[in-house]
Amino acid sequence: MGTLRYGVMTCSLDGYVADADGSVDFASPSEELHAFVNDLVRDTRVFVMGRRMFETMRVWDTWPTGQSAVEDDFAEIWAGADKVVCSDSLTGVEAPRTTFEPRLTTDRLGEIVAATDGVVEVSGPTTAAEALRAGMVDELLLLVTPEVLGAGLPALPDVARLHLALTDQRAFDDGTVYLRYARR
């Protein structure tokens with residue numbers, strides 16, 4: 001039985017993962033932060049994501065090695081994990097170690113977690129919404145950047161109350177703050 005983690009989501013200080021135009025440019029990590037994220041996701045066995053996250057992350061499937069040790073490390077982590085892409089706007093995906101779910105249900109996500117020895121990371125507030133609402137998420141990991149976007153896609157969907165305990169935190173030189181919460 002695995003652990004369900006609401007992915008390492010980078011959000012603005014006012015709680016958005018993308019700005020009003022859908023851009024995530026504000027979230028580019030420093031090398032220090034990227035190395036830290038690598039260590040956070042090293043135990044991830046399955047990445048579950050929606051179409052937009054998949055389109056953002058698929059660059060790692062063909063990452064040209066030798067540019068940066070930190071980026072090469074992440075590309076290796078990415079290549080070693082299974083991926084599940086959930087989308088009602090796609091008809092399928094072709095990528096290494098990647099399967100397609102047209103509509104992710106909490107039952108199906110529960111099956112994925114039960115069949116995984118390690119962490120299942122569900123990324124993106126739209127994809128994770130039902131799992132958060134159902135109280136299935138064991139951990140939430142957020143990277144809060146010192147940016148205020150004013151509008152956009154909220155990091156947390158409208159959910160019933162979540163009772164969480166802060167289990168880890170760290171501040172970075174660029175002003176980003178890492179927060180890890182566990183379900184109480």
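Only one of Asp72, Asp88 is in a loop (DSSP other than H, G, I, E, B), free of Cβ contacts under 8 Å to residues at least 24 places away in the same chain, of a type in the set (Asp, Glu) and surrounded by fewer than 17 Cβ atoms within 10 Å (Cβ to Cβ). Can you tell me which?
On the way: Asp72 fails: in a loop (DSSP other than H, G, I, E, B).
Just a single option satisfies the conditions, and that option is Asp88.
When residues of region 46-69 are filtered for being without any contact (Cβ under 8 Å) to a residue 12 or more places away in the chain, on the phi < 0 side of the Ramachandran plot and of a type in the set (Gly, Ala, Ser), how many remain? If you could, list the steps in order and put the result at the bottom.
The first filter runs over region 46-69 and keeps only residues without any contact (Cβ under 8 Å) to a residue 12 or more places away in the chain, leaving 55, 59, 62, 64-67, 69.
This time we only want the ones that are on the phi < 0 side of the Ramachandran plot, so: 55, 59, 62, 64-65, 67, 69.
Imposing the further condition that a residue be of a type in the set (Gly, Ala, Ser) reduces the set to 69.
Looking only at that region, the number is 1.
Looking only at region 109-147, filter to residues that are crowded, with 21+ Cβ neighbours inside 10 Å and assigned to a loop (DSSP other than H, G, I, E, B); which one of those is nearest to the chain's Cα centre (by Cα)?
Taking the candidates together, the pick is Gly124.
For region 162-184, name all the residues that are closer than 17 Å to Arg5 by Cα and of a type in the set (D, E, K, R). Step through it out loud before you land on a result.
Applying the first criterion (closer than 17 Å to Arg5 by Cα) to region 162-184 yields 162-169, 178-184.
Within region 162-184, Asp168, Arg180, Arg183, Arg184 meet the criteria.
From the residues in region 1-22 that are over 26 Å from Ala69 (Cα atoms) and of a type in the set (Gly, Ala, Ser), which one is modelled with the lowest pLDDT?
Selected residue: Gly22.
Could you check region 148-184 and list, in sequence order, the residues that are of a type in the set (A, V, I, L, M), buried (at least 16 other Cβ atoms within 10 Å of the Cβ) and within 24 Å of Cys86 (Cβ to Cβ)?
Residues satisfying the conditions are Leu153, Ala155, Leu156, Val159.
If you go through region 5-39, how many residues are among the aliphatic types (A, V, I, L, M) and more than 11 Å from the chain's Cα centre (by Cα)?
Our first condition is that a residue be among the aliphatic types (A, V, I, L, M); within region 5-39, this holds for 8-9, 13, 17-18, 20, 24, 27, 33, 35, 37.
Then drop every residue that is not more than 11 Å from the chain's Cα centre (by Cα), which leaves 13, 18, 20, 24, 27, 33, 35.
Number of matching residues: 7.
Check Ala114, Ala18, Ala128, Ala81 and return the single one that is out of contact with any strand residue (DSSP E or B) (no Cβ under 6 Å at 6 or more places or on another chain) and not aromatic (Phe, Trp, Tyr). Step through it out loud before you land on a result.
Working: Ala18 fails: out of contact with any strand residue (DSSP E or B) (no Cβ under 6 Å at 6 or more places or on another chain); Ala128 fails: out of contact with any strand residue (DSSP E or B) (no Cβ under 6 Å at 6 or more places or on another chain); Ala81 fails: out of contact with any strand residue (DSSP E or B) (no Cβ under 6 Å at 6 or more places or on another chain).
Result: Ala114 is the single residue among Ala114, Ala18, Ala128, Ala81 that is out of contact with any strand residue (DSSP E or B) (no Cβ under 6 Å at 6 or more places or on another chain) and not aromatic (Phe, Trp, Tyr).
Name the pairs whose Cβ atoms lie under 6 Å apart, with the first residue in region 129-147 and within 13 Å of Arg5 (Cα to Cα), the second of a type in the set (Lys, Arg) and modelled with pLDDT of 95 or more, and 6 or more positions between them or separate chains?
That search, which allows pairs on different chains as well, returns Glu139/Arg5; Leu141/Arg180.
Tally up the residues in region 159-184 that are without any contact (Cβ under 8 Å) to a residue 12 or more places away in the chain and in a loop (DSSP other than H, G, I, E, B), please. First the steps, then the outcome.
Taking region 159-184 as the starting set, the residues that turn out to be without any contact (Cβ under 8 Å) to a residue 12 or more places away in the chain are 161, 169, 171.
So of that shortlist, the ones also in a loop (DSSP other than H, G, I, E, B) come out as 161.
Final tally of qualifying residues: 1.
Checking the structure you have, find out if any residue of region 24-36 is in contact (Cβ under 8 Å) with a residue 24 or more places away in the chain, part of a loop (DSSP other than H, G, I, E, B), β-branched (Val, Ile, Thr) and farther than 26 Å from Ala114 by Cα.
yes
Given the conditions (1) within 16 Å of the chain's Cα centre (by Cα); (2) surrounded by 18 or more Cβ atoms within 10 Å (Cβ to Cβ), report the number of the one that Met57 does not fulfil.
It is condition (2) that Met57 fails.
Among (1) within 19 Å of Pro157 (Cβ to Cβ); (2) basic (Lys, Arg); (3) within 17 Å of the chain's Cα centre (by Cα), where does Lys83 come up short?
Result: Lys83 fails condition (1) only.
The values are calculated or read from the model by the stated rules, or taken from the named source; none is laboratory data. Predicted model, so just to flag it, every value in this text is computed and none were measured. Please note: Cβ atoms are built from the backbone with ideal geometry, for glycine as well, and neighbour counts cover all protein chains shown.
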